[in-house]
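Below is one structure; the comments refer to it alone.
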4 protein chains.
Amino acid sequence: MIVIMRHNASTAEVANVAARIEQLGCQAHLSEGSERTIIGVIGNDRAIDKAHIEMMSGVERTVPVLRPFKLASRDFHPMDSVFPINGISIGGKEIVMMAGPCAVESREQLLETAELVKAAGSHVLRGGAFKPRTSPYSFQGMGEAGLRILAEARQKTGMPVVTEVMSPEQVPLVTTYADILQIGARNMQNYALLHAVGEAQRPVLLKRGLMSTIEELLMSAEYILSHGNQRVILCERGIRTFETYTRNTLDINAVPLLKQLSHLPVVVDPSHGTGHWNLVAPAARAAIAAGADGLIIEVHPRPEEAMSDGEQSLRPDRFAELVETLRIIAVAVDRTLEP
Amino acid sequence: MIVIMRHNASTAEVANVAARIEQLGCQAHLSEGSERTIIGVIGNDRAIDKAHIEMMSGVERTVPVLRPFKLASRDFHPMDSVFPINGISIGGKEIVMMAGPCAVESREQLLETAELVKAAGSHVLRGGAFKPRTSPYSFQGMGEAGLRILAEARQKTGMPVVTEVMSPEQVPLVTTYADILQIGARNMQNYALLHAVGEAQRPVLLKRGLMSTIEELLMSAEYILSHGNQRVILCERGIRTFETYTRNTLDINAVPLLKQLSHLPVVVDPSHGTGHWNLVAPAARAAIAAGADGLIIEVHPRPEEAMSDGEQSLRPDRFAELVETLRIIAVAVDRTLEP
Amino acid sequence: MIVIMRHNASTAEVANVAARIEQLGCQAHLSEGSERTIIGVIGNDRAIDKAHIEMMSGVERTVPVLRPFKLASRDFHPMDSVFPINGISIGGKEIVMMAGPCAVESREQLLETAELVKAAGSHVLRGGAFKPRTSPYSFQGMGEAGLRILAEARQKTGMPVVTEVMSPEQVPLVTTYADILQIGARNMQNYALLHAVGEAQRPVLLKRGLMSTIEELLMSAEYILSHGNQRVILCERGIRTFETYTRNTLDINAVPLLKQLSHLPVVVDPSHGTGHWNLVAPAARAAIAAGADGLIIEVHPRPEEAMSDGEQSLRPDRFAELVETLRIIAVAVDRTLEP
Amino acid sequence: MIVIMRHNASTAEVANVAARIEQLGCQAHLSEGSERTIIGVIGNDRAIDKAHIEMMSGVERTVPVLRPFKLASRDFHPMDSVFPINGISIGGKEIVMMAGPCAVESREQLLETAELVKAAGSHVLRGGAFKPRTSPYSFQGMGEAGLRILAEARQKTGMPVVTEVMSPEQVPLVTTYADILQIGARNMQNYALLHAVGEAQRPVLLKRGLMSTIEELLMSAEYILSHGNQRVILCERGIRTFETYTRNTLDINAVPLLKQLSHLPVVVDPSHGTGHWNLVAPAARAAIAAGADGLIIEVHPRPEEAMSDGEQSLRPDRFAELVETLRIIAVAVDRTLEP
């Protein structure tokens, strides 16, 4: 932390701040500039609340030096995290495709979709059993019945399953059925839930909140990591901006930046990232070109009948075409996309 | 809902869309313009998923006509909702002041603060026992011990207590101690939690998410109302924008707009809305001038020692000065601020 | 400027950066922390391009210490700037009201409006002769004919006139007719225009860009000040956010913050700040309660016939009512609002 | 335009609105729903100011049906616009690379860079002679001397030149030297300047404002097209969001969306779109994968000595490596990238 004093701060005020820093267990290092005195805080200052300094007389503001995340950082863990999930591996050279419907709507719909996406090149099956919806009057998901259908599809296709968990008390139930626990964008800072999945024995797909910074995403990963679960997959899924022609703005910069800042795998959700099916394929190609470790895409055999997110779901044939073009792009970024 | 067809949509495409609308239980009303055909959907179209229309051939987009909230709307409930809470009343002519520390830190700190804010003109005591923090390494609140201290302060001062509840399973516990259940900004779309407080026997203070639109805030209120709890207080607490000199941008426009769109009481949190103590008083004055029904303000006797949010906490004497100027502004907006 | 080195930067890299800083005319002050070395740059570092340091080996990033504005800052000019404009004074204890139509539409319309707003309590007449419009097919203003009508209204009512200038070559013409030159939000970073009004002999009303930070607003003021014109009035007029129920989000926090950071007068435009006439009065009251030195408000005798911005224009009688409530709020903030 | 009446609007209010629409030259088409009456406006309603309807009694709001741009739209001009520029062609199957320094700093620097980027695969040379800077104390460009150096580099290398023009009066001068006139992001809504380049005999590279929607970008293109210049190249260069780890957020969705909405060529600027050199290559790859017609990239032989934007400039060798990977991605999207 660096403390920037006001331009007219007195010698006594500077001395008081320095004394406070030492009292809090760190060392103070003064630099007197022409217009300002600045004080460097030496030591592990993550424990110092900035208010304890900023509220002192003569202080203008403080500036953090250390990034607040540690377990999630590449400084702490320089090598890429690569972890196996029921026969596939994520974070390594292989690109991982996750596909399936927004919501499990029926046994027939899910099993049909699962077969189609597997044939088209998907490695993991996605599908929601518990659906967070902005309206209390919308379809809220099939619940446990949906989880059972997902498990059946896994058995039939061999694909591991990723599905959302919405509250701490659902964690044991969802863990019974799912291979990857998904934390939705609106729950990225639901700390009780992060704590619960941090103690679960399953990898976690952590979606970036639609108005969360990259730093906040990494801090939410830190919650999970610090509770003992080392298998966290970061997911960029679009952020909210002033643009209204698209549902969200896919933050493509986040992909290489997360790979630089963190050792955790990064996947992209171009369905939510764009909100419209005819932007999904270009955005998916962009994500792989930017260095993503995988994609999670909504696919529905009849989007015009989907119970949610139909407008951003690909038909299986379009998904299959997309996968073929991704194989070429994988070469350009020194990755592979296996059948 | 209005359906806007592509400019080159065929007669058959228009007919198909009309047929689909009728099949979904509504009537279709065609208007052929010079460049586009538009189709009005007559009937209660809240149940029609826009994707079911937008994915049809020849459709450009749909536009909603009805606001998605109903129980929260003034159309549905034209008169202001006014409800009593342990001796005070919110939503009426009287402005309600809520004040206290960000977090309960100790019995001494809370009781001292409670006496000071009551003397300065506060009607309700605020204080967090469970604290959502972006870092897993920060102080997370005193938990149930904090709730007991809040209850003791209520007994000593007579002020009702507002405190945050963070997960569905905490609702029974917090309800035992609190007069108003607070839903924090990061949980505004935690639907499991909204469901739980919707069944609780306590008024709810619902904070706008820092990334949430006014429509989404009203939809979250709708969740609570639709589960049977009619006592919802809306709280504007600043939104996230590109501006970095302030922690958040207080959306002052939201105050009169929420009063027009909804019958529910509206309070403002100028502490989070600005993020810096020396902006709190101007923002608080602005909120009352804009028509807010109350304020919730962080006050700490020694902000430089606060365990959280010290930089945005007022000292009790500054809070008392603020209340005096608010009494004058109350007159300008035909309200009263009682001692 | 502070230079933050990477956590594994070598001694040689640190030494190179220090040498570069000295070569650029400043002194380097090293602080070796447990996880990072930081280097304070002592001296006037405003001339050092951050890239010249950030591109060096071993550097993680730089952090500015000095605010980039100087002439606009309160550090440089601690007392409030108060300047007279044709019989009125802005920046002092007196609140200044500016009102009139968005655009001059005809002689009759402007003269009628001028008389009405003067009677209602306005001190300055606003009205656009050159109109920046997002569509090339919209009304673009009356041009010089509009300026002549504004001058006639000034003569009849005694009110000074504020009107927009859109390009450098218009500055001499507009200066002939106007008492205050307005720079529109979309031109806040039109540097050729800022240069031109910086050499004009008229006060400038500088509107904040709809997606400009407070720092950028002050830097644009700095352009004008540095070219010799000391009479700059800052104007908060709403920023662009994700909220769509309002045209813009009025940044009420900006009012007290600008007053703290700068000595320049601050006025607020609640018409653009909200975009809807029935939010204008609450927002105007909020602005005065937050400490604004004045308001600029769109008033039209028949908003439903206005050639632009009718939806955010007040009728004269509503403007008159607003002014009366502002007189009470002025008392609360120790200001006066004279007839 | 569709007019949505309030839920309690009277028959007389509906009739008045219908009469007004007919008076304004269009036809009114009523649809009486269960909760609202809506009125479709038939005819060319681009000329109707929404305020003329919204300010009428009983009206809740209006919704536009027609997109406000016409000449820029694909509806109006279904085929891709492809135009030749001094030996190259943009908008067709060939991807166009534009590269060079942010600013012309000296004859040596520019000629060296021009040779290097040409050898690495660039087709067009970029370089600024007039530089818009947020600080009046920063380097403002070499002016006409810089233009002459650009012309010399064109002669030596055969590459056409793109350079920025900042004000209407500079247009004749810059047109003398440049092959493509660049409109900078901060001038995207400088309508006097758009008017001037609309009458120039040169293609225009129009950068999206960092605060501008896609609709506004297309409306600014419409200004240029409507003044007679049909050769407009749209440029996505990142927008401003709440994220602070990157300078801007590259809106990758804008690429396919602009291609769908408009016939004009689309290029991407990954230098400004990210703000950091080590994110430029991934973002550039993403842009081509998403369907961009070209890229404009800042390249400097010694970024650590650049007079502006060094932190986001690629060294020539890294630029050359990037071009090689782009050749592979071009194949995936059915394009070519010629030497």
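If the requirement is being among the hydroxyl-bearing types (Ser, Thr, Tyr), at pLDDT 95 or above and part of a loop (DSSP other than H, G, I, E, B), which of these qualifies: C:Ser212, C:Ser138?
Numbers: C:Ser138 fails: at pLDDT 95 or above.
Only one candidate qualifies: C:Ser212.
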Please determine whether any residue of region A:260-280 is assigned to a helix (DSSP H, G or I), crowded, with 20+ Cβ neighbours inside 10 Å and among the acidic types (Asp, Glu). no
Name the residues in region A:1-26 that are more than 12 Å from chain B (Cβ to nearest Cβ), of a type in the set (A, V, I, L, M) and in a helix (DSSP H, G or I), would you? A:Ala12, A:Val14, A:Ala15, A:Ala18, A:Ala19, A:Ile21
Residues that are over 16 Å from B:Arg133 (Cβ atoms) and either buried (at least 24 other Cβ atoms within 10 Å of the Cβ) or in contact with a Lys or Arg (Cβ under 7 Å, 6 or more places away or on another chain) (or both), drawn from region A:197-222: A:Val197, A:Pro203, A:Val204, A:Leu205, A:Leu206, A:Lys207, A:Arg208, A:Leu210, A:Met211
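Suppose the filter is within 14 Å of D:Gly294 (Cβ to Cβ), more than 21 Å from the chain's Cα centre (by Cα) and either aliphatic (A, V, I, L, M) or buried (at least 16 other Cβ atoms within 10 Å of the Cβ) (or both); does D:Met159 pass it? Don't jump to the end; show me each part of the working.
On the way: within 14 Å of D:Gly294 (Cβ to Cβ): yes; more than 21 Å from the chain's Cα centre (by Cα): yes; either aliphatic (A, V, I, L, M) or buried (at least 16 other Cβ atoms within 10 Å of the Cβ) (or both): yes.
Criteria met by D:Met159.
Mind listing just one residue for me: the one in region B:94-116 that is outside any loop (DSSP other than H, G, I, E, B) and polar (S, T, N, Q) and, of those, farthest from the chain's Cα centre (by Cα)?
Applying the first criterion (outside any loop (DSSP other than H, G, I, E, B)) to region B:94-116 yields B:94, B:96-100, B:103, B:107-116.
Next, from what is left, pick out any that are polar (S, T, N, Q): B:109, B:113.
Numbers: B:Gln109: 28, B:Thr113: 25 Å.
Per the stated criteria, the residue is B:Gln109.
The rows are residues; the columns are (1) farther than 30 Å from A:Cys26 by Cβ; (2) in contact (Cβ under 8 Å) with a residue 60 or more places away in the chain; (3) within 14 Å of chain D (Cβ to nearest Cβ).
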| site | (1), (2), (3) |
| --- | --- |
| C:Ala28 | no, no, no |
| C:Arg46 | no, no, yes |
| C:Met55 | yes, no, yes |
| C:Ala72 | yes, yes, yes |
| C:Pro78 | yes, yes, no |
| C:Pro84 | yes, no, no |
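Which count do you get for residues in region D:12-44 that are polar (S, T, N, Q) and within 37 Å of the chain's Cα centre (by Cα)?
If we filter region D:12-44 for residues that are polar (S, T, N, Q), which is where we start, we get D:16, D:23, D:27, D:31, D:34, D:37, D:44.
Next cut, within 37 Å of the chain's Cα centre (by Cα) only: D:27, D:44.
Matching residues across region D:12-44 total 2.
Please go through region C:179-209 and pick out each residue that is basic (Lys, Arg) and either at the interface with chain D (Cβ under 8 Å from one of its Cβ atoms) or closer than 22 Å to C:Leu150 by Cα (or both).
Our first condition is that a residue be basic (Lys, Arg); within region C:179-209, this holds for C:186, C:202, C:207-208.
Passing the criteria: C:Arg186, C:Arg202, C:Lys207.
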Pick from region C:228-242, criterion in contact with a Pro (Cβ under 9 Å, 6 or more places away or on another chain) and within 12 Å of C:Leu258 (Cβ to Cβ), ranking: farthest from the other protein chains (Cβ to nearest Cβ): C:Ile233
I'd like to check something: does region C:322-339 contain any residue that is closer than 23 Å to C:Val161 by Cα and at pLDDT below 95? yes
Please pick out the residue among D:Leu250, D:Leu225 that is within 11 Å of another protein chain (Cβ to nearest Cβ), closer than 25 Å to C:Arg133 by Cα and modelled with pLDDT of 95 or more. D:Leu225
Region A:301-323 residues that are closer than 18 Å to B:Ile53 by Cβ and β-branched (Val, Ile, Thr), paired with ones that are crowded, with 23+ Cβ neighbours inside 10 Å and at pLDDT 95 or above (beta carbon under 9 Å, 6 or more apart): none
In region B:324-339, residues that are crowded, with 17+ Cβ neighbours inside 10 Å, farther than 30 Å from A:Lys50 by Cβ and either touching a residue at least 40 places away in the same chain (Cβ under 8 Å) or not assigned by TED's automatic domain parsing to the domain that holds B:Thr134 (or both) total 6
Tabulated pairs, region C:2-20, first assigned by TED's automatic domain parsing to the domain that holds C:Glu54, second among the polar types (S, T, N, Q) and part of a loop (DSSP other than H, G, I, E, B), C-beta under 6 angstrom, 6+ apart or interchain: C:Glu13/C:Ser57
Among (1) free of Cβ contacts under 8 Å to residues at least 40 places away in the same chain; (2) within 14 Å of chain D (Cβ to nearest Cβ); (3) part of a strand (DSSP E or B) - the single one C:Ser89 does not satisfy: (2)
So which residues in region B:96-147 are in contact (Cβ under 8 Å) with a residue 60 or more places away in the chain and among the charged types (D, E, K, R), if there are any at all? B:Glu105, B:Glu112, B:Arg126, B:Lys131, B:Arg133
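Find the residue count for region A:3-22, including only residues that are modelled with pLDDT under 90 and within 17 Å of A:Lys50 (Cα to Cα).
Within region A:3-22, the first condition is being modelled with pLDDT under 90, and the residues that meet it are A:7-8.
Filter once more, keeping what is within 17 Å of A:Lys50 (Cα to Cα): none.
Qualifying residue count for the region: 0.
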Which members of region C:107-137 meet the condition of being surrounded by fewer than 24 Cβ atoms within 10 Å (Cβ to Cβ), of a type in the set (S, T, N, Q) and away from chain D (no Cβ under 14 Å)? C:Gln109
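One residue is enough: does region A:151-165 have a residue meeting the conditions under 18 Å from B:Glu169 (Cβ atoms) and either in contact with a Ser or Thr (Cβ under 8 Å, 6 or more places away or on another chain) or assigned by TED's automatic domain parsing to the domain that holds A:Pro101 (or both)? Outline the logic, then answer.
Kept after step one, since they are under 18 Å from B:Glu169 (Cβ atoms), are these residues of region A:151-165: A:165.
With either in contact with a Ser or Thr (Cβ under 8 Å, 6 or more places away or on another chain) or assigned by TED's automatic domain parsing to the domain that holds A:Pro101 (or both) added as a condition, the list becomes A:165.
Yes, there is a match, as at least one residue in region A:151-165 is under 18 Å from B:Glu169 (Cβ atoms) and either in contact with a Ser or Thr (Cβ under 8 Å, 6 or more places away or on another chain) or assigned by TED's automatic domain parsing to the domain that holds A:Pro101 (or both).
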Is it fair to say B:Val268 is within 14 Å of chain A (Cβ to nearest Cβ) and closer than 30 Å to A:Ile48 by Cα? no
Only listed residue being more than 30 Å from A:Leu66 (Cβ to Cβ), of a type outside the set (S, T, N, Q) and surrounded by 20 or more Cβ atoms within 10 Å (Cβ to Cβ), chosen from B:Val104, B:Val96: B:Val96
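What number of residues in region C:254-286 are touching a residue at least 24 places away in the same chain (Cβ under 8 Å) and over 14 Å from the mean Cα position of the chain (by Cα)?
Let us first name the residues in region C:254-286 that are touching a residue at least 24 places away in the same chain (Cβ under 8 Å), namely C:254-277, C:279-281, C:283-286.
After this cut, where a residue has to be over 14 Å from the mean Cα position of the chain (by Cα) as well, the list is C:260, C:271, C:274-277, C:279-281, C:283-286.
Qualifying residue count for the region: 13.
Name the residue that is surrounded by the fewest Cβ atoms within 10 Å (Cβ to Cβ), counting only residues in region D:20-43 that are aliphatic (A, V, I, L, M) and touching a strand residue (DSSP E or B) at 6+ places or on another chain (Cβ under 8 Å). I'd like the intermediate steps shown before the answer.
As a first pass, look at region D:20-43 and keep what is aliphatic (A, V, I, L, M): D:21, D:24, D:28, D:30, D:38-39, D:41-42.
Pick out the ones that are also touching a strand residue (DSSP E or B) at 6+ places or on another chain (Cβ under 8 Å) and you get D:21, D:28, D:30, D:38-39, D:41-42.
Values: D:Ile21: 24, D:Ala28: 20, D:Leu30: 17, D:Ile38: 26, D:Ile39: 24, D:Val41: 27, D:Ile42: 19.
Ranking the candidates gives D:Leu30 first.
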Inside region B:57-70, can you point out the residues that are outside any loop (DSSP other than H, G, I, E, B), within 9 Å of another protein chain (Cβ to nearest Cβ) and either buried (at least 18 other Cβ atoms within 10 Å of the Cβ) or without any contact (Cβ under 8 Å) to a residue 12 or more places away in the chain (or both)? none
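Of all residues in region B:287-313, count the ones that are over 21 Å from the mean Cα position of the chain (by Cα) and either more than 8 Å from every other protein chain (Cβ to nearest Cβ) or part of a loop (DSSP other than H, G, I, E, B) (or both). Break it down into steps so the answer makes sense when it comes.
At the first step, the residues of region B:287-313 found to be over 21 Å from the mean Cα position of the chain (by Cα) are B:300-308, B:310-311.
This time we only want the ones that are either more than 8 Å from every other protein chain (Cβ to nearest Cβ) or part of a loop (DSSP other than H, G, I, E, B) (or both), so: B:300-302, B:306-308.
Count: 6.
The values are calculated or read from the model by the stated rules, or taken from the named source; none is laboratory data. Keep in mind it's a predicted model, so treat the numbers as computed, not measured. FYI the Cβ positions are ideal-geometry reconstructions off the backbone, even for glycines, and counts take in every protein chain you see.
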